[in-house]
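Nothing in this text is a laboratory measurement; each read-out follows from the coordinates by a stated rule. What you see is a predicted model; the values in this text were computed from it and never measured. When we count neighbours, we look across all protein chains shown, and the Cβ atoms used for this are built from the backbone with ideal geometry, even at glycine.
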């Protein structure tokens, strides 16, 4: 059985609320940054674990009475409204109904139990699960659930779109403790002011780990302190402190202990449920979250394509949502995603799926020049969403001209000091292209013919053993597609101007990751503008862009010659020159 992915949803939407720009608003001017951040994370997790068995756990009560009865100060400092007893800023609270609608429409069950926190639901589901469990949360407290009796890991977000996966085996190196039980004791000693947990004054994380390593447990540390032991890091001052706060430490342990018997009402074996495309479309309407929702649909469909066909249709799941895939008219397996007519789309039928339903990955390079044959890679980025970004900085091996530095801001000295060897960057980029081709993903870029041409030249320069054309996946060039859809629009068609045309946010032009993300958003806007182009399969859109590119080049060449440049030649090669 595929992993059960448990989302600590409150921790994730708070993180997104404070890290994703609040300039992202819906048609009513309401921020939707937290919604975008969480939905993008859900899509990322589905792809990462090839599993749609995702549950969004929630805080039905973020300061449960059974915890405040033990320690009244538990999370008390977070209360913003004494009457309502809430910590949620109004700009975030207004986003939660939108998030709930999207998750429900996507077939992702929402689990919240009166009088408990999300941590309690997570701990209960982890204890019940017969499959591997991945807990997705920035909250270190959940590391206390790691033990040798269960297959549980915690995935914590890091800067730059990276994630840190921790299992029980990782705890000794990461925190100096052997298991989750000892981690909870370390956390009790260390304390957590944001949760109102005072800990033992003067004892930080490293000292707590040293004491636990030398004495084995918190109880043993307390006994040693009372016995006058002065070794193993237990100085007289620390011993006196521990004796003084003994009662508080025991209360802290009790407050931190998660319940494992809450009645969440979800049959874990029935997950995943089936998504409803019509409901998802309605949930996204007017909310400025279309890219994130399409990304989520694509992730669900990619997993559904890899799911083995069921022997027979299952009964409807909770809330009338079908908990299984269905069989298409020709006996082919469907993707398990319900469309606006109530039928289920077919992922591997005789009719190829449209490119817009593939996994879309933005790609961009920043280089040393404008001629593909001589330009060298300085930075590169592959972007799935705002929260899933992979970037490279290369030492190009040559001076970065001032004109190039003025565009992307990278100096020769900085690249030499911080960049990887060009051959290593090229090798890793090729490996990424090959992996995306193998999973039938679609790579999107603006004027991506240039970027691919630079790649081809760099591969020939550093890795002539790699056949670059053979590892290129399906390509969407938003420059070519935009010109096909709107050939007579006046003005420039640079990424900046094209983003403005389609009302796509471009936060930092000429940053590889920002440009790649903007191209990704533009591709979805183009698909909305032309349903005919959106309906093309991967093979069809590749062939069509080749024709369009040649036609556009011929038209530009003819225009230049008419303007007096009789020798003008415009290359119409596709997908690289």
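Remarks
- Considering every alpha-carbon pair of the range 184-285, the percent of pairs per 10 Å bin, from zero through the bin containing the longest distance, is 14, 36, 15, 11, 13, 9, 3.
- Rounded tilt (10° steps) of 118-128 against the dominant C-alpha axis of the chain: 90 degrees
- DSSP-defined beta bridges in the range 356-562 - what % are antiparallel, rounded to 5: 55 percent
- Over the range 131-170: Kirkwood hydrodynamic radius from C-alpha pairwise inverse distances, Å: 10.4 Å
- Modelled FRET efficiency - R0 60 Å, residue 543 with residue 219, Cβ distances, 0.05 increments: 0.25
- Within the chain, percent of DSSP bridges classed antiparallel, to nearest 5: 50 percent
- Principal axis box of the range 356-562, alpha-carbon based, largest edge first, Å: 47, 40, 35
- Once the Cα atoms are used to define both axes, helix 538-562 deviates from the longest principal axis of the chain by about 50 degrees.
- Entry note, the chain: relative contact order of 12 percent, from Cα contacts under 8 Å with a spacing of 6+ residues.
- Cα convex hull, the range 530-576: 66 Å³ per residue, rounded to a whole number.
- Cα-based helix-to-principal-axis angle, 180-190 vs the chain, degrees rounded to 10: 80 degrees
- Label point 7 Å beyond Cα of residue 435 along Cβ direction - residues of the range 139-164 with amide nitrogen under 20 Å: 154-164
- Descending principal axes extents, the range 459-565, alpha-carbon based, whole Å: 43, 37, 31
- Rg ratio (alpha-carbon, reference 2.2 N^0.38 Å) - the range 1-98: 1.25
- In the set [x] 27.2, 97; [y] 25.7, 87; [z] 29.5, 116, the label that goes with Rg and Dmax of the Cα atoms in Å computed for this structure is [x].
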